[in-house]
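Please treat every number below as a calculation from the coordinates, not as lab data. Just so it is clear, the model here is predicted, and its values are computed rather than measured. Here the Cβ is made from the backbone with ideal geometry for all residues, glycine too, and neighbour counts use every protein chain on show.
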Ligand SMILES: [Zn+2]
């Protein structure tokens, strides 16, 4: 029997047939995996609760034909009860899985992404951290993981110390007045980006709404959309179905 056992986060799921659901997982050791949960929408199903987006579970899959496997068993690893009790935390979590789902590679293992995703979900599940800037910070980490971390220390074009007045996702960072392109960047926005990218994320997340937050959210969403070449819903609400 060809079984696949792995730790996984549910990125999304959708209905299939009368009682089935197709689930897209990001797994620790097998990258993105799709599997069908047969009969999961019947009231008698034993696996239904573990397959909503953001679920973090140990999964047992049977290898199917092609790339669609079959879900045999699901055991929760984390229930993220604080996250699931708060609409803003859920919305932020969905922005994370949407972006991971957009990573353009199938069945390529990347446990670095799995670790970043589960850590970010753990952060969203921590009451002392506000959720607003978790997705932008995660997007920056994902860009860094791909070797595209935004440069905010000096002008990304000429290396000048600044002042840095704009941010251009296409060029890959902040720019001085002579080189400016992209979006205007305020001193608050620049300071906040430097804190997030420079190792003070925990401090940033303890502030409910730090100065520059709206700007940084916009810049991070644009940067990640540009990186993956598609428009996303990042940071906007969508229901768990
Ligand atoms: Zn410059």
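Relative to the longest principal Cα axis of the chain, at what angle does helix 134-145 sit, 0 to 90 degrees, rounded to 10?
90 degrees
Report the gain in length on full extension from residue 2 to residue 158: 0.36 nm times residue separation, minus Cα-Cα distance, nm rounded to one decimal.
Between residue 2 and residue 158, full extension yields an extra 50.6 nm.
Within the range 28-45, whose backbone N sits under 16 Å from a point 7 Å along Cα→Cβ of residue 109?
It comes to 28-33, nothing else.
Any idea what angle helix 87-101 forms with the longest principal axis of the chain, computed on alpha-carbon atoms, 0 to 90 degrees, nearest 10?
80 degrees
What distance in nm separates the simple spin-label points at residue 186 and residue 79, each placed 7 Å from Cα in the Cβ direction?
Those two pseudo-labels are separated by 4.1 nm.
Between helix 213-228 and the chain, what is the angle of the helix's C-alpha long axis to the longest principal axis, kept within 0 to 90° and rounded to the nearest 10?
That helix lies at roughly 60 degrees to the long axis.
Please report the spacing between the Cα centers of the range 11-87 and the range 170-224 in Å, no decimals.
Computed from Cα coordinates, the inter-centre distance equals 35 Å.
For the chain, what does the helix formula give at 222 nm: sum of -39500 (n - 2.57) over DSSP H segments with n ≥ 4, over the residue count, nearest 500 deg cm²/dmol?
Result for the chain: -9500 deg cm²/dmol, rounded to the nearest 500.
Which of rounded, prolate, oblate describes the range 103-210, given a ≥ b ≥ c as roots of the alpha-carbon gyration tensor eigenvalues and a/c under 1.5 marking rounded, otherwise prolate only if a/b is larger than b/c?
It is oblate, given that a/c is not under 1.5 and a/b is not larger than b/c.
Whole-Å semi-axes of the range 1-122's equivalent ellipsoid, largest first, each the root of 5 times a Cα gyration tensor eigenvalue? The partial results should precede the final answer.
Numbers: eigenvalues 90, 64, 32 Å².
Ellipsoid semi-axes (Å, largest first): 21, 18, 13.
Which value, to two decimals, describes the C-alpha radius of gyration of the chain once divided by 2.2 N^0.38 Å?
Compactness ratio reported: 1.10.
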